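Trainee: I am attaching a structure below and will ask some questions about it afterwards.
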Amino acid sequence: MSLLELVPRSLPSELQSLAPPKAISITVNSIPQGAVLKVDGVETGVTPRQVQVVTGKHSLEFDKPGFNPGKFSLEVGPNDVSGGNVSYELRTSAHDTIELRDGSVLTGDLESLSTDEVIVRVGGTIQHLTRSQVKRISLTERETPQ
């Protein structure tokens with residue numbers, strides 16, 4: 001005996017609220033891998049992880065011993081399709097990272113950035129860099145005082 005299921009291809013706008021919410025599948029990863037993942041406050045496993053999310057706004061939370069916990073906001077639209085991915089980089093400190101073209105990396109607080117110059121505070125000392133010395137800047141989210 002087989003079960004038959006009828007699924008409409010489209011619904012009139014007045015019936016849309018009765019349709020089940022659309023769910024898509026996305027792959028969620030962390031750098032480094034192995035972080036505990038929570039989707040909307042519910043633990044779903046360890047990264048990398050494939051999860052199902054419905055249309056709307058979601059909160060992804062990452063937690064791994066030795067790293068600062070992180071949060072990522074995700075919004076799924078009604079026309080989004082399965083197969084996407086989210087990758088979140090966990091940090092070990094509350095400082096910005098400036099990767100230089102010579103391969104060295106500075107960890108500190110970005111003070112200023114212009115088209116010609118990058119000013120960063122490293123260990124309490126201000127360093128002036130030309131923009132051409134800098135390959136990449138990663139900013140760490142900071143909480144603003146209330």
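The values are calculated or read from the model by the stated rules, or taken from the named source; none is laboratory data. Since this is a predicted model, take the numbers as computed values, not measurements. Here the Cβ positions follow ideal geometry from the backbone for every residue, glycine too, while neighbour counts run over all protein chains shown. Surface areas here come from the heavy atoms of the whole protein model, side chains and all, with no ligands, DNA or RNA. Shrake-Rupley method; radii C 1.70, N 1.55, O 1.52, S 1.80 Å.
Trainee: For residues that are closer than 11 Å to ALA23 by Cα and in a loop (DSSP other than H, G, I, E, B), tally how many sit in segment 64-78. Can you show your working first?
Mentor: Within segment 64-78, the first condition is being closer than 11 Å to ALA23 by Cα, and the residues that meet it are 76-78.
From what is left, the residues that are in a loop (DSSP other than H, G, I, E, B) are 77-78.
Of the residues in that region, 2 qualify.
Trainee: Here are some residues: LEU74, LEU18. Which one is aliphatic (A, V, I, L, M) and either closer than 30 Å to ILE119 by Cβ or surrounded by 11 or more Cβ atoms within 10 Å (Cβ to Cβ) (or both)?
Mentor: Working: LEU18 fails: either closer than 30 Å to ILE119 by Cβ or surrounded by 11 or more Cβ atoms within 10 Å (Cβ to Cβ) (or both).
Going through LEU74, LEU18 in turn, just one is aliphatic (A, V, I, L, M) and either closer than 30 Å to ILE119 by Cβ or surrounded by 11 or more Cβ atoms within 10 Å (Cβ to Cβ) (or both): LEU74.
Trainee: If you don't mind, another one. Need the failing condition index for GLY124 against (1) exposed (fewer than 14 other Cβ atoms within 10 Å of the Cβ); (2) in contact with a Gly (Cβ under 6 Å, 6 or more places away or on another chain); (3) of a type outside the set (Asp, Glu), just the number.
Mentor: (2)
Trainee: Residues in segment 103-126: is at least one closer than 24 Å to LYS22 by Cα and among the hydroxyl-bearing types (Ser, Thr, Tyr)?
Mentor: Keep residues of segment 103-126 that are closer than 24 Å to LYS22 by Cα, which gives none.
Within segment 103-126 (the criterion being closer than 24 Å to LYS22 by Cα and among the hydroxyl-bearing types (Ser, Thr, Tyr)), the answer is no, since none of the residues qualifies.
Trainee: Then there is this: Give the residues of segment 49-65 that are open to solvent by 70 Å² or more (accessible area, probe 1.4 Å) and in contact (Cβ under 8 Å) with a residue 12 or more places away in the chain, sorted by residue number.
Mentor: Taking segment 49-65 first, the residues open to solvent by 70 Å² or more (accessible area, probe 1.4 Å) are 49-50, 52, 57, 63, 65.
Hits for segment 49-65 are ARG49, GLN50, GLN52, LYS57, ASP63.
Trainee: OK, next. Which residue out of GLU61, GLU43, GLU14 is assigned to a strand (DSSP E or B) and more than 17 Å from ASN85 (Cα to Cα)? Let's see the steps before the verdict.
Mentor: Working: GLU61 fails: more than 17 Å from ASN85 (Cα to Cα); GLU14 fails: assigned to a strand (DSSP E or B).
Exactly one residue qualifies, and that residue is GLU43.
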